[in-house]
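Nothing in this text is a laboratory measurement; each read-out follows from the coordinates by a stated rule. What you see is a predicted model; the values in this text were computed from it and never measured. Cβ: placed from backbone, ideal geometry, glycine included. Neighbour counts: every protein chain shown.
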Amino acid sequence: MLVGTLDYGSVRVATGTMGYKHKEADVAAIKASLSTPNFLLKIIPHVDGSARICELVEYYLEDIVIKGAWTGPGALSLSPHAMAPVAELPVLEVVSTVHILSDLTLGLGKVVHDYLAPRVQKPIRSKEKVDAT
């Protein structure tokens, strides 16, 4: 049995379990899925708690070497927490679980959207020409 946990400080907010090496997975398919772009939301607050940086960042995993991959039955338990409300996520069903043993490098990211950047309004072009005389 594999057990994964997520803690906020000293408080457990999520626990995932999976049958250990239940069934071998397609290594080529796993490598292809790891080679697709990943996205994260980078939020860095000001001292007053408001967002100072709020960006959508794209990054890729590099130098991927799959040493093994397995699928199996899995379960997820989410616990209520005031500061990490993961239990409020609308998880209806665990669709699949995969255990991947690999070497890889986390590549550098690039900002694909800055949520706090001023929006540039495009000039409105009039269909009629204005007579300046």
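I want to verify a result. In a Gaussian network model of the chain, Cα cutoff 10 Å, which of these has the top mean-square fluctuation: Pro90, Pro123, Pro37?
Comparing Pro90, Pro123, Pro37 in a Gaussian network model of the chain, the most mobile one is Pro123.
Helix-only estimate, please: 222 nm mean residue ellipticity of the chain, summing -39500 (n - 2.57) across DSSP H runs of length 4 or more and dividing by its residues, to the nearest 500.
After summing the helix terms and dividing by the residues of the chain, the value is -1500 deg cm²/dmol.
How far is the Cα center of the stretch 12-53 from the Cα center of the stretch 74-113, in Å?
5
I need the chymotrypsin sites (Phe, Trp or Tyr not before Pro) found in the stretch 60-115, filtered to DSSP loop residues with at most 12 other beta carbons within 10 Å of theirs.
Tyr115
Just to be sure I understand the model, the point goes 7 Å from the Cα along the line to the Cβ. What's the resulting Ser79 to Thr5 distance in nm?
Distance between label points: 0.8 nm.
Taking 7 Å along the Cα-to-C-beta vector as the label spot, tell me the Val47-Lys110 distance in nanometres, rounded to one decimal.
Label-label distance for Val47 and Lys110, simple model: 3.6 nm.
Calculate the all-directions average of the projected area of the chain's alpha-carbon convex hull, and give it in nm². Before the final figure, lay out the partial values.
Numbers: hull surface 62.1 nm².
Hull-based average projected area comes out at 15.5 nm².
What is the count of Lys pairs in the chain whose alpha carbons sit under 25 Å apart, if the two are 8 or more places apart or on different chains?
8
When the chain is modelled as a GNM with alpha-carbon springs shorter than 10 Å, which of Leu101, Leu116, Leu56 fluctuates the most?
The residue that fluctuates most here is Leu116.
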